[in-house]
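Below is one structure, written out as structure tokens; the observations come after it.
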Amino acid sequence: MGDCRRFLDRLTAYVDGLLPPEERAEIEQHLAACPPCQDCASDEQIARIVLRARAVRLRNAAVPPGLRSRCDASLRGRKR
Amino acid sequence: MRLLEPLYATAMRLTRNRADAEDLVQDTFVKALRFEDRFTPGTNLKAWLFTILHNTWKNRLRGAAREPVDVDSERVEEASAQAGATDGSVGVETPERILLRSTLDADVKAALDDMPEAFRQAVWLRDVEEFSYAEMAEMLGVPVGTVMSRISRGRRMLARKLRGATHG
């Protein structure tokens, strides 16, 4: 596990596709040989895919009308 | 104001209830207007507003002492990692496509709301709001390494919870 730590620290950047090719290859080599780390990588990928597939709907929550009008009122107050 | 929806959606995930979320967004809005001269035009308005939102929420928690603020504690992270590990044994072979298809938005929200705040925040800001690690580090006031570790643990925790949800 001590050795895996080195790879787990970079797993997020790997899953996000932000590692340079040589580091990416190094991680992939380790994942192929280490089922527990492979499971971690798969779980990260799954959560990332599920959230990003829904991101637009999740972030566009229906704002309660009362809140919108209070915010609009603050904005109008500032412009006066 | 087109950023109101994402601010409110994020406030809902932070507070997990509508009344607190409304108060939080309104406070954020009022503060943003009061300090608008501190915003540098041409920089990221959304990141600036989210920083105010998170700081306002942190101050509230500190004031109300509702939840420990030291979310960096190894103990919190280890405990949640272990809690996840115990229920991770079912359905390991589930293809992600089945999970994607069988998961409802409500399942995702419920799974997120069930996670410790630090991890919920991290995956939400990264995968729903799509902020960079550096933006998140500044917003949350923690090092980039901590941001990445929270995203990693948060995503794995979420995957396990969703798998549990779809298998009853």
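Any read-out appearing in this document is the output of simple, stated calculations on the displayed coordinates, not a laboratory observation. No experiment lies behind these values; they were computed from the predicted model shown. Don't worry about glycine lacking a Cβ; one is built from the backbone with ideal geometry, like all the others, and counts go over all protein chains shown.
If R0 equals 25 Å, the separation of the Cβ atoms of B:D23 and B:L45 corresponds to a calculated FRET efficiency of about 0.70.
Using a/c under 1.5 as the rounded threshold, could you call chain A rounded, prolate or oblate? The axes a ≥ b ≥ c are square roots of the C-alpha gyration tensor eigenvalues, and prolate needs a/b larger than b/c, oblate otherwise. Don't jump to the answer; show the numbers that get you there.
Numbers: a/c = 4.24, a/b = 3.09, b/c = 1.37.
Taking the square roots of the gyration eigenvalues as a ≥ b ≥ c, chain A is prolate.
Across the stretch B:120-132, rounded Karplus estimates of 3J(HN,Hα) from the backbone phi angles (6.51 cos²θ - 1.76 cosθ + 1.60, θ = phi - 60°) give 4, 4, 4, 6, 5, 5, 7, 9, 9, 8, 6, 7, 7 Hz, Gly and Pro being marked x.
For the stretch A:2-79, a crude dipole built from +1 on the beta carbon of Lys and Arg and -1 on the beta carbon of Asp and Glu, taken about the Cα centre, is about 1160 debye to the nearest 20. Taking 0.36 nm per residue of separation and subtracting the Cα-Cα distance, full extension of the segment from A:E28 to A:A62 would add 8.1 nm. Relative to the dominant Cα principal axis of chain A, helix A:65-79 is inclined by about 70°. Placing unit charges on each Cβ (+1 for Lys and Arg, -1 for Asp and Glu) gives chain A a dipole about its Cα centre, and among A:L19, A:C37, A:A47 the Cα reaching farthest toward its positive end belongs to A:A47. 3J(HN,Hα) along the stretch B:42-52, derived from phi through the Karplus expression 6.51 cos²θ - 1.76 cosθ + 1.60 where θ = phi - 60°, amounts to x, 8, 7, 4, 4, 4, 5, 5, 5, 5, 4 Hz, with x in place of Gly and Pro. Neighbour counts of other Cβ atoms within 10 Å put B:M157, B:M1 in the fewest-to-most order B:M1, B:M157. Rounded to the nearest 10 degrees, what's the angle between the helix A:35-59 long axis and the longest principal axis of chain A, both from Cα atoms, 0 to 90? The angle comes out near 20 degrees.
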